[in-house]
Amino acid sequence: MNKLSEIFQAWVAAASPSPSQKLLAEQRTSVCDTCEHKTYTKLLDLYTCGLCGCPLSRKVFSPAGPKACPGNKWKE
């Protein structure tokens, strides 16, 4: 899956997630909440991944599975 397709699909899923997507996103968010790479961007008022720069509120909906986490912390 190319990166642009992955990003687009994550944003679409975040807009209207299925119950399973929502559950997976919640699990991933709990992992991200304890990650040392979680970064707050005051200018944009959002949290991002410090490794890839993606907004975490959308990154957690990535269809690419565990490999979407650049820190290899998602173990679903």
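Treat every Asp and Glu Cβ in the chain as -1 and every Lys and Arg Cβ as +1, leave all other atoms uncharged, and give the resulting dipole magnitude about the Cα centre to the nearest 20 debye.
Details: 10 positive and 6 negative charges, 23 e Å.
Value, rounded to 20: 100 debye.
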Practice item. Name the long-range amide H neighbours of Trp74: under 5 Å, sequence gap of 5 or more, or other chain; modelled H, no Pro or chain starts. Key: Cys69
Practice item. Name the long-range amide H neighbours of Cys54: under 5 Å, sequence gap of 5 or more, or other chain; modelled H, no Pro or chain starts. Key: Cys49
Point to revise | Cα-based helix-to-principal-axis angle, 3-15 vs the chain, degrees rounded to 10 | key: 80 degrees
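Expressed in nm to one decimal, what extension gain is obtained for the pair Glu36 and Leu23 from 0.36 nm per residue of sequence separation less their Cα-Cα distance?
Details: separation 13, 0.36 × 13 = 4.68 nm, distance 2.26 nm.
That pair, Glu36 and Leu23, stretches by 2.4 nm at full extension.
For the chain, what does -39500 (n - 2.57) per DSSP helix run (n ≥ 4), summed and divided by total residues, give at 222 nm, in deg cm²/dmol to the nearest 500? Display every interim value, and only then the final one.
Working: 3 runs with 32 residues, N = 76.
Using -39500 (n - 2.57) per qualifying helix, the result is -12500 deg cm²/dmol.
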**Study point:** Cα extents of the chain along the three principal axes, largest first (Å)
**Key:** 29, 25, 24
Review point. Mind listing which trypsin sites (Lys or Arg not before Pro) in the chain are in a DSSP loop and have 11 or fewer other Cβ atoms within 10 Å?
Key: Lys42, Lys75
**Study point:** Nearest-ten-degree value, helix 19-33 long axis tilted from longest Cα axis of the chain
**Key:** 20 degrees
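Remind me, relative contact order of the chain in percent, using alpha carbon pairs under 8 angstrom and six or more residues apart? Each step should come with its number before you reach the end.
Values: 73 pairs, mean separation 26.0, N = 76.
Worked out over the chain, it gives 34 percent.
Rule-based calculations on the coordinates, nothing more; no lab input. Bear in mind the structure is a predicted one, so any value in this text is a computation, not a measurement. Note that each Cβ is placed from the backbone with ideal geometry, even for glycine, and that neighbours are counted across all protein chains shown.
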